[in-house]
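So the structure is just underneath, and the comments pick up after that.
Read-outs throughout are calculated quantities, based only on the coordinates presented, and are distinct from any laboratory measurement. Keep in mind it's a predicted model, so treat the numbers as computed, not measured. Glycine gets a Cβ as well: all are built from the backbone with ideal geometry, and neighbour counts include every protein chain shown.
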Amino acid sequence: MSFLDVVSCGFGAIILLLVLTLALEPATLARITASQSNEADAIEDSRAALADVARELNRELTEKRASLKQIRQELERLSQTWEETQTADTAAHLDVNDNASVEKDLQAVLQNLSEEMKRLLSQPEYKQPKLSSTIGGIPVDSEYIIFVIDTSGSMLRIAWPAVIKKVSEVLDVHPKVKGIQVINDMGKHMFEAYTGDWIPDTPARRKEVIRRLRYWKSFSNSSPVEGVRYAVRRYFAEDKRISVYVFGDDFSQGSINAVLSQILLINKRDASGRPRVRIHAFGFPVLFKLNQGRVNRERFAHLMRVLAEQNAGSFVGLTELQ
């Protein structure tokens, strides 16, 4: 009986503990839930604050990237301006001697024949051309001829009938050649199918050259340098005698000495010291008619005169567009 009493008392104590525990459980749960809710609210507030900070940092980063892009663009612009300034300064230094002599040479350029023309005119068997002819005195011993024609707006509007006439006259004084080529002052071919090759010299082809020349329009920077350089470099051949005829009115940019040096390097001499490619030039007085671009027209005349003399050719400065 005593054992049963002890066991009963133990069970009674356990039941009493369970009753006390269950009685306090709702308050404990409420306390725990409240604590966790407060922690969750604090975490949410922290997340929202961090999100705001992140948005602000992203906005600042975007602004700084845009500012950096503008700074880089400005640096590129300043670098390009610096390079252009350096190039212009170098060109100005190279041309200082040329510009000093242009003024006194212009009248002589328009009136005097080159040394080659004088030599031909002095030969007894040579028949002096008519006074109205501007082809007289130009050597016609080449088997291939290339026309380098300025297709700028001023030439097309004012000088084009005279250009067509002079091209016809040049063809007439070359009764028969092995090949013809026509390019503009940028090196653009009139007949793209014959790029790098020669147009066969036939009566039909000559008529087609003149016909197409009447309507030919091609982009031009109004400077003969690119076309002359391209013609000599592309068509130079040691087994061919070639004449290049330059038609233009303007030389707006670049160094005269640099152009002359480049052509001399390309146009190799034969065993007798004679250049294999003759370079002739016709200067059209377009800028005289417009009464503008005085420096450019003088630079063109000076460049073409010296270029023709150095390359066994002749320069003809036209005084009228007839």
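Overview of results
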item	result
Shape category assigned to the stretch 209-253 from the gyration tensor of Cα positions, a/c cut at 1.5	oblate
Beta bridge orientation in the stretch 140-298: antiparallel %, DSSP, nearest 5	15 percent
Those GluC sites (Glu not before Pro) in the stretch 251-322 that DSSP places in a loop and that have at most 10 other beta carbons within 10 Å	E320
Sparse-neighbourhood loop sites, trypsin sites (Lys or Arg not before Pro) in the stretch 223-300 - DSSP loop, at most 14 other Cβ within 10 angstrom	K268
